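Everything on this sheet refers to the single structure shown next.
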Amino acid sequence: MSELKSYLESYIMNNPEKEMMIRQAFYFIQKCKVSLGLYESAMTGFQQIINQFPYSYEGLLASWDYAATKPAELQRRLGRRPRSND
């Protein structure tokens, strides 16, 4: 997951003219952060998407993912491991 996150970050840096792809890549970077356990950083990224695009599909998805990530972040702060959905 870390490699995918790095690839997407590099893609954003190397393709500043591709606005729609950058928006999608940024969203998936946040999803990678969640998978890597970087909940607080992911929540900040989701919040940024929500603030920038409040009435878009991306904003809606980010709001759902923010809400889904919040319990995992709280468990991390309490020293508990989030439950797996497997």
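The values are calculated or read from the model by the stated rules, or taken from the named source; none is laboratory data. Quick caveat: nothing in here was measured; it's all calculated off a predicted structure. Virtual Cβ from ideal backbone geometry, glycine too; neighbours counted across all protein chains shown.
Before moving on, here are some points about what is shown:
- For the criterion of being of a type in the set (Ser, Thr, Tyr), surrounded by 12 or more Cβ atoms within 10 Å (Cβ to Cβ) and without any contact (Cβ under 8 Å) to a residue 24 or more places away in the chain, THR69 fails.
- Hits in the stretch 41-66 (condition: in a helix (DSSP H, G or I) and at pLDDT below 95): TYR57, GLU58
- A Cβ distance below 6 Å, combined with a sequence gap of six or more or placement on separate chains, defines the contacts here; from the stretch 2-30, residues that are surrounded by 14 or more Cβ atoms within 10 Å (Cβ to Cβ) reach residues that are part of a helix (DSSP H, G or I) and of a type in the set (Ser, Thr, Tyr) in the pairs ALA25/TYR11.
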